[in-house]
Amino acid sequence: MRLKKSLLISAIALTGVLALSACTNSAAPEAEVTPEAEVSFEAGTTMAELNEAGSITIGTKFDQPLFGLAGPDGTPVGFDVEIGKLIAAKLGIPADGIKWTETVSKNREPFIQSGDVDIVVATYTINDVRKEVVSFAGPYYVAGQDILVLEGNPDGIESVEDLAGQTVCSVTGSTSEKNLIAAGVTVLPAAGYADCLEPLRSGAVVAVSTDNVILAGLADQNEGEFEVVGNPFTEEPYGIGLALEDDVFRAWINDTLTEAYEDGSWADAWEATAGKVLETPDPPAVDNYTR
């Protein structure tokens, strides 16, 4: 697998990624997160409601190695999951007070709008279209859309320009799908990125395209079959989705993320999950945008 420096795979990477696989018998990787023992929030805020309930429902992916992947017991593991735990802990909610709900690209906004989830932490790119219907805290990580091809890159694909007029697999409703269509690529839609691997194996598509960290996880889980081109053509700031115009909650999550950057808990979360395979990046500055 060929990756840019920031995505180099170490000699011990396979062990780390297999620990994230749903078929492994290993314990799920996780950072140590201790919930706040004594916290109080202004009455009427989302923070106060969640704290009083002692529980929070978090939407995340269940099929994304390194970020959100269902473990042997069905509980997801990965970097997004650890970010969710950090937020819950600051609300005084322990890990067993979190209800994890599987979200895919096309249902993240509906789940937030309907109240089926309190927040979404699911490789969720912040963009202006989505900000019309939900709010975002963060970003807590910045990825870049890249291309996954068969090992050896038999079609010689080096950039998104090489995909014009070709058929590429991506997930329905994702930013990646929209970017490909805008670049003149024919998209074979899939429910999840793991569903794109068989079409690539069979030759039904020439590539799979989404964020580089997702592709890195998929390639490493299937050693010797695929490689990442290593030429990202977008920036994808991952944010935490929440109800539209809940500005107090959004500002509080941003403060929580900033604190996690400063006290090392963000880095601990990365190194316990995605850091088993990928180098630890610098955390991005949060965007306290106003509407």
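Throughout, read-outs are computed from the coordinates displayed, never taken from laboratory work. Note that the coordinates shown come from a computational prediction; the quantities given were computed from them, not determined experimentally. Heads up, the Cβs are rebuilt from the backbone with ideal geometry, glycines too, and the neighbour counts pull from every protein chain shown.
For the reader, a short list of remarks on this structure follows.
- Stretching A204 away from A285 to a fully extended chain increases their span by 25.1 nm, per 0.36 nm per residue minus the current alpha-carbon distance.
- If only the Cβ of Lys and Arg carry +1 and only the Cβ of Asp and Glu carry -1, the dipole of the chain around its Cα centre is close to 580 debye.
- When each of K61/K178; K90/K276; K106/K131; K178/K276; K61/K85; K99/K276 is checked by Cα-Cα distance, pairs over 21 Å: K90/K276; K178/K276; K99/K276
- In this calculation the C-beta distance from D116 to D195 is compared with R0 = 22 Å, giving a FRET efficiency of 0.45.
- Candidate values (i) 0.97; (ii) 1.43; (iii) 1.13, label of the one derived for Cα Rg over 2.2 N^0.38 Å: (i)
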